[in-house]
Amino acid sequence: METYDYKFASCFGEHIETFISLKRKNGFVYNSEAYLLKKFDEFSAGRSESGPGISRELATAWGTLRDSETRQYLSKRMSVLRQLCIYLNSLGINSYVPRAFTYKSGHVSHVMDDREIAAFFRELDADSPAAKNNGSNQRLNFEMKILFRMIYCCGLRVSEATHIKLEDIDFEAGTVAIYHSKGRKDRLIYFSEDMKNLLRQYLDILWNKYGVRSQLLFPAQDTGKFFQNASVGQKFNKIWERTVYAASCVQKPTVHSLRHSFVVKRMNLWMENNEDLKALMPYLSKYLGHT
């Protein structure tokens with residue numbers, strides 16, 4: 001993935017450059033974060049800050065919610081600043097570390113039950129592209145049928161599923177390596193024997209019927225690019241609206257609801273089998289990429 005480099009002009013510029021370099025050496029892309037640090041650098045230069053550390057006054061000024069800004073974006077800005085402040089303190093440069101800035105959404109996710117899951121996949125399998133004679137549309141429609149199964153059966157985030165490369169899959173071990181997921185947590189996930197067989201059948205059709213050989217498991221229309229999250233979400237909404245449950249569902253599910261449903265299904269199965277839920281939860285947390 002391409003990285004973006006910026007020039008820094010404030011009194012913190014040299015330390016910001018070193019900090020970004022260290023992050024990238026540790027395997028982080030750090031593009032959006034570098035952009036935010038560039039904006040913080042410009043903000044500091046505009047205030048004629050002299051350093052050497054980041055004061056509470058400066059952090060508070062930077063942490064003011066702007067008119068065109070969401071609280072979620074403010075939280076991201078402050079999170080990046082917090083990491084920089086911790087880094088400066090590790091160098092012996094006394095800096096204020098902001099804490100009370102985390103944005104929490106009040107959104108309650110809908111957990112799809114077995115009937116809703118079954119109805120969704122029935123409608124998904126019955127779906128066909130508008131332009132049936134268009135080979136590209138047929139391929140993308142076919143890929144989505146497998147992509148949604150991968151998300152649900154493996155409890156993946158959308159971006160984790162869409163970014164899987166063929167080199168990340170070990171069919172012998174039955175594993176998929178997930179890199180740079182939320183929170184920058186790399187992990188291995190295991191898939192079942194039927195999921196393994198489905199993936200092999202899928203790749204055989206992708207290669208031999210559609211003639212597509214890409215480094216990506218789920219190539220987009222441009223076979224060298226990933227599906228966009230928005231495209232996957234739109235497809236989910238389209239299929240969900242066709243189910244018999246859409247009209248009576250108070251809290252409309254999203255594609256991420258498939259992951260939530262995986263978690264609840266897994267926990268329910270453990271409890272039905274009288275498993276020790278408390279002992280197993282750390283393993284589920286690790287599998288999901290949670291702290």
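The values are calculated or read from the model by the stated rules, or taken from the named source; none is laboratory data. Note that the structure is a prediction, hence the values are computed from the model and not measured. A quick note on method: Cβ atoms are made from the backbone with ideal geometry, for glycine too, and the neighbour counts reach across all protein chains shown. Surface accessibility is based on the protein's heavy atoms, side chains included, excluding ligands, DNA and RNA. Shrake-Rupley method; radii C 1.70, N 1.55, O 1.52, S 1.80 Å.
Residue pairs, Cβ under 7 Å, 6 or more apart or interchain, first in region 239-256 and part of a loop (DSSP other than H, G, I, E, B), second open to solvent by 70 Å² or more (accessible area, probe 1.4 Å). List them. Every condition considered, the pairs that remain are GLN251/VAL108.
Looking at region 210-226, is at least one residue in contact with a helix residue (DSSP H, G or I) (Cβ under 9 Å, 6 or more places away or on another chain) and part of a helix (DSSP H, G or I)? No, the conditions are met nowhere in region 210-226.
Just to be sure before I move on: is TYR73 open to solvent by 70 Å² or more (accessible area, probe 1.4 Å) and within 30 Å of ILE164 (Cα to Cα) in the structure I sent?
Details: open to solvent by 70 Å² or more (accessible area, probe 1.4 Å): yes; within 30 Å of ILE164 (Cα to Cα): yes.
So TYR73 passes the test.
Rundown of residues vs (1) at pLDDT 95 or above; (2) assigned to a loop (DSSP other than H, G, I, E, B); (3) touching a His at 6+ places or on another chain (Cβ under 8 Å); (4) of a type in the set (A, V, I, L, M), yes/no style:
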site: ALA130; (1), (2), (3), (4): no, yes, no, yes
site: ASN133; (1), (2), (3), (4): no, yes, no, no
site: GLN138; (1), (2), (3), (4): no, no, no, no
site: LYS145; (1), (2), (3), (4): yes, no, no, no
site: GLU160; (1), (2), (3), (4): no, no, no, no
site: TYR202; (1), (2), (3), (4): yes, no, no, no
site: ILE205; (1), (2), (3), (4): yes, no, no, yes
site: SER231; (1), (2), (3), (4): no, no, no, no
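Scanning region 11-33 for residues that are farther than 11 Å from LEU84 by Cβ and either surrounded by 19 or more Cβ atoms within 10 Å (Cβ to Cβ) or at pLDDT below 90 (or both) returns ARG24, LYS25, ASN26, GLY27, PHE28, VAL29, TYR30, ASN31, SER32. The set of residues in region 235-259 that are surrounded by 13 or more Cβ atoms within 10 Å (Cβ to Cβ) and either modelled with pLDDT under 90 or in contact with a His (Cβ under 6 Å, 6 or more places away or on another chain) (or both) comprises CYS249, PRO253, SER257. Residue pairs whose Cβ atoms lie under 6 Å apart, separated by 6 or more positions or on different chains, with the first residue in region 63-81 and without any contact (Cβ under 8 Å) to a residue 60 or more places away in the chain and the second open to solvent by less than 30 Å² (accessible area, probe 1.4 Å) and not in a helix (DSSP H, G or I), are MET78/GLY63; MET78/PRO98. In a residue-by-residue description of region 21-34, the property of being of a type in the set (Phe, Trp, Tyr) and either farther than 30 Å from PHE226 by Cβ or part of a helix (DSSP H, G or I) (or both) applies to no position.
Screening the candidates LEU217, LEU198 for the property of being of a type in the set (A, V, I, L, M), within 26 Å of ASN26 (Cα to Cα) and open to solvent by less than 80 Å² (accessible area, probe 1.4 Å) yields one hit, LEU217. Just so you know, in region 95-123 the residues that are under 21 Å from the mean Cα position of the chain (by Cα) and modelled with pLDDT under 70 include one that is nearest to CYS249 (Cα to Cα), and it is VAL108. Taking region 220-234 as the range and being of a type in the set (A, V, I, L, M) and surrounded by 14 or more Cβ atoms within 10 Å (Cβ to Cβ) as the test, the residues that pass are ALA220, VAL232.
For LEU188, the conditions (1) touching a residue at least 24 places away in the same chain (Cβ under 8 Å); (2) surrounded by fewer than 16 Cβ atoms within 10 Å (Cβ to Cβ) are fulfilled apart from (1).
Annotation: of all residues in region 34-55 being open to solvent by 20 Å² or more (accessible area, probe 1.4 Å) and touching a Ser or Thr at 6+ places or on another chain (Cβ under 7 Å), the one that is nearest to GLU17 (Cα to Cα) is ALA45.
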